[in-house]
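Working notes for the structure below.
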Amino acid sequence: MDFNTRIDELQQRVGDVKATISTAATETHDQLSKRIDEAHADADYALDQAKQQTSAAADKASDSWEQARSDAQAKVAVLKAKAKRRADQADADMAASDADWAEADASAAIDYADWAVENARLAILDAIDARVTANDRAAALV
């Protein structure tokens, strides 16, 4: 599995979010409303993609984001123990199985990060829109 490509894609998405936020800061309420609708659709799409990828790897990774987060500390301890045991193991099948689990865990974490980026974009756009609306209403009172 090529994690560098996945991370590069995630980094590009973060750059896209930054560009979106810079542009959105100068937009009107109507423009922001349209952008927010698009962000909702993008966030839903990202979540659907993450769910599909998680389902495809259900035998290797946790089905639930909440389960993955709550198990994170336990998984770190298990991974450390497995790394120590790996040094003593000669069984190639066991090593391949360990690698499969580690890749599935890493993939799930990247999917979660992707979803988090989309939610961050949506939250920022909502905040900008709320400020634009508040400023417009305050200006109307003057």
Self-check item: Every residue from the range 1-35 that is under 18 Å from the mean Cα position of the chain (by Cα) and of a type in the set (Val, Ile, Thr)
Solution: Thr5, Ile7, Val14, Val17, Thr20, Ile21
Quiz item: Given the residues Arg13, Arg6, which is the only one that is of a type outside the set (S, T, N, Q) and modelled with pLDDT of 85 or more?
Solution: Arg13
Quiz item: Does any residue in the range 126-138 that is part of a helix (DSSP H, G or I) come within less than 6 Å, Cβ to Cβ, of a residue that is modelled with pLDDT under 90 and not aliphatic (A, V, I, L, M) six or more places away or on a different chain, and which pairs are these?
Solution: Val132/His29; Thr133/His29
Quiz item: How many of the residues in the range 107-142 are of a type in the set (A, V, I, L, M, F, W, C) and within 16 Å of Gln52 (Cα to Cα)?
Solution: 5
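The values are calculated or read from the model by the stated rules, or taken from the named source; none is laboratory data. These numbers come from a predicted model, not from an experiment. With ideal geometry, Cβ positions are generated from the backbone for all residues, glycine too; neighbour counts draw on all protein chains shown.
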